[in-house]
Amino acid sequence: MRTTEQSSNFENLDTMSTLDLLEGINSEDRMVPEAVSKAVPQIAALVDGIVPRMARGGRVFYLGAGTSGRLGIVDASEIPPTYGVFNAFIGLIAGGDRAIRTAVENAEDDFDGAWKDMEPYHLTKDDVIVGIAASGTTPYVIGALRRARSEGMLTGCITCNAGAPVAAEAEIPIVVVVGPEFVTGSTRMKAGTAQKLVLNMISTSCMIKLGHVKGNKMVDMQLSNKKLVDRGTRMIMGETDIADYETAKALLLKYGQVRAAVDAYLKGEK
C-alpha cells in the first residue's frame with residue numbers, strides 16, 4: 001500500500017476534542033520539514049538544471065491534478081508580482097482552469113492530457129517539466145513526463161511515495177515521504193504541505209540565482225498595492241543615501257521598480 005494511503009496514526013478522530021484534533025494535526029505537520037530536508041540534494045539538482053535553461057529563455061511547467069495541480073498554479077502565479085518575471089513558471093491542472101475551484105471528473109486519468117494542454121505554449125528543449133503528484137500514479141502527469149523526456153527535455157517530479165511510478169518517469173525525482181495523513185488518505189494535508197515547501201524552494205532559488213534578488217531584497221517586485229510601494233520605498237532608502245521617505249517614494253514611482261530606481265539614482269539620474 002502507498003504510504004499516502006496508509007491508515008492514520010490516530011484513531012477515533014470523530015470523538016476527539018477540538019484541542020486534541022489540532023494538537024494531533026500539528027504533531028503530524030512537524031514531520032514535514034524533516035522529510036523535505038532529506039530531498040534537498042535532489043531539489044538542488046533540479047534547480048541547477050532549471051537555471052541555465054531559464055537563462056536561455058526556457059520555462060518551467062508545473063503539472064498536476066487536484067491539490068497538486070492547484071499548488072503548482074499558486075506557486076507559478078506568485079512569480080510575476082514577486083520577482084517581475086512573467087511566463088517563467090506556468091502551472092497547469094488536469095481539467096483546465098475550471099478545476100482550480102471544482103473537481104473535473106476523470107481529467108487526471110487522461111494520459112495525453114497534459115501534453116495537449118502544453119501544446120499552445122510551443123515547447124522547446126529548454127523548457128522543464130515538473131510533475132506534481134502526491135500519490136505518484138496520476139496518468140495526466142506520468143504521460144507528460146514520459147513524452148517530455150523522449151523529446152530531450154529536463155523532467156522532474158514531486159511525489160510523496162517511495163517507488164512511485166511518476167518517479168520512474170522523471171530524470172530528477174524528488175520524493176518526500178511524509179507518512180500517513182491525519183485523516184487517512186487526505187493528501188491535501190502533510191503531502192500538500194511538503195509539495196508547497198518544495199515548490200517554494202525551487203522557484204525562489206531559481207529567481208535568486210537568476211539575479212532577481214539583491215542581498216535579500218526583491219528588487220524586481222511589481223508595485224501592485226500600497227504595501228509593496230511602501231516596501232519598495234524603504235528598500236530604496238536602505239540602498240541609497242536618501243533619508244526622506246517621500247523623495248524615495250517619488251523616485252520609485254517614477255521608475256516603477258526598486259532596481260531601476262536605485263540604479264538611476266546612483267548614476268545621478270534623479
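Quick note: the coordinates plus some simple rules give every number you see, no bench work behind them. As the structure is a prediction and not an experimental result, all values here were calculated from the model. Cβ coordinates were reconstructed from backbone atoms using ideal geometry, including for glycine residues, and neighbour counts include every protein chain displayed.
A few remarks follow.
- Computed over the chain: relative contact order in percent, which uses C-alpha pairs under 8 Å that are six or more apart: 22
- The distance linking the range 75-142 with the range 181-244 is 21 Å (Cα centroid to Cα centroid, whole angstrom).
- Of the peptides 20-33, 132-145, 86-99, the ranking by mean beta-carbon count within 10 Å, highest at the top, reads 132-145, 86-99, 20-33.
- Loop GluC sites (Glu not before Pro), the range 35-119, which have at most 13 other Cβ atoms in a 10 Å radius of their Cβ (DSSP): E105
- Ordering of 187-197, 205-215 by packing [mean C-beta count within 10 Å, highest first]: 187-197, 205-215
- Remark: spin-label model distance E119-D20 equals 5.5 nm, labels positioned 7 Å along the Cα→Cβ axis.
- DSSP bridge orientation in the range 123-270 - percent antiparallel, rounded to nearest 5: 10
- DSSP-defined beta bridges in the chain - what % are antiparallel, rounded to 5: 5
- Charge tally around R259: other residues with Cβ under 9 Å, Lys/Arg +1 each, Asp/Glu -1 each, net -1.
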